[in-house]
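The values are calculated or read from the model by the stated rules, or taken from the named source; none is laboratory data. All values reported here derive from a predicted model rather than from experimental measurement. Heads up, the Cβs are rebuilt from the backbone with ideal geometry, glycines too, and the neighbour counts pull from every protein chain shown. Heads up: the accessible areas ignore ligands, DNA and RNA and are worked out on the full protein's heavy atoms, side chains in. Shrake-Rupley method; radii C 1.70, N 1.55, O 1.52, S 1.80 Å.
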Amino acid sequence: MKTEKLRFASVAKPYLIIGALLAGLSVVLGAFGAHGLKSVLTAQQLNTFEIGVRYQMYHALGLLFMGVARFYLTEKLVSIPAYFMILGIIIFSGSLLLLVFTNLRWFGAITPIGGFCLIIGWLLLAYNIYFYA
């Protein structure tokens, strides 16, 4: 029993670590935005920054959920949704943060690709749980 639990834990571990790191980074970025950027950014830039950080936190929590779900579901059911979630966080939140810091408007054009990845991650997880769990 202990060996089986360790096997599950080792497979769930990456999702738990990545989710925890991204959640912690969200707190750091949020504090930086609230205290360090408030006087530097426009209201619209600050709003964009906060949206990126907020969605990063939401989906970091989603990754933590997937890590815990991995104790109950097979790797196959969780891994691809988790990959979409990670990719979505990088593209969605990353493009918004880069948009704010570089003022290159084309970063805003790739943000929906990240949002689409996040949506696919959640829908695929729901599909996998409904049909295969």
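Of the helices (runs of 4 or more DSSP H) lying entirely inside the stretch 35-133, those carrying at least 2 residues that are on the phi < 0 side of the Ramachandran plot, among the charged types (D, E, K, R) and within 20 Å of the chain's Cα centre (by Cα) are 43-69, 75-88. Within the stretch 1-31, the set of residues being over 20 Å from L97 (Cα atoms), modelled with pLDDT of 75 or more and of a type outside the set (S, T, N, Q) comprises V11, A12, K13, P14, Y15, L16, I17. Screening A34 against (1) open to solvent by less than 90 Å² (accessible area, probe 1.4 Å); (2) over 13 Å from G94 (Cα atoms); (3) at pLDDT 95 or above leaves a single unmet condition, (3). Listed by first and then second residue, the pairs linking a residue in the stretch 56-67 that is farther than 12 Å from G121 by Cβ and open to solvent by less than 50 Å² (accessible area, probe 1.4 Å) to a residue that is part of a helix (DSSP H, G or I) and aromatic (F, W, Y), with Cβ atoms under 7 Å apart and 6 or more places separating them unless they lie on different chains, are G67/Y15.
Checked against (1) open to solvent by 80 Å² or more (accessible area, probe 1.4 Å); (2) among the small types (G, A, S); (3) at pLDDT 95 or above, S39 passes all but condition (3). The set of residues from the stretch 95-118 being open to solvent by 20 Å² or more (accessible area, probe 1.4 Å), small (G, A, S) and under 20 Å from L46 (Cβ atoms) comprises just one member, G108.
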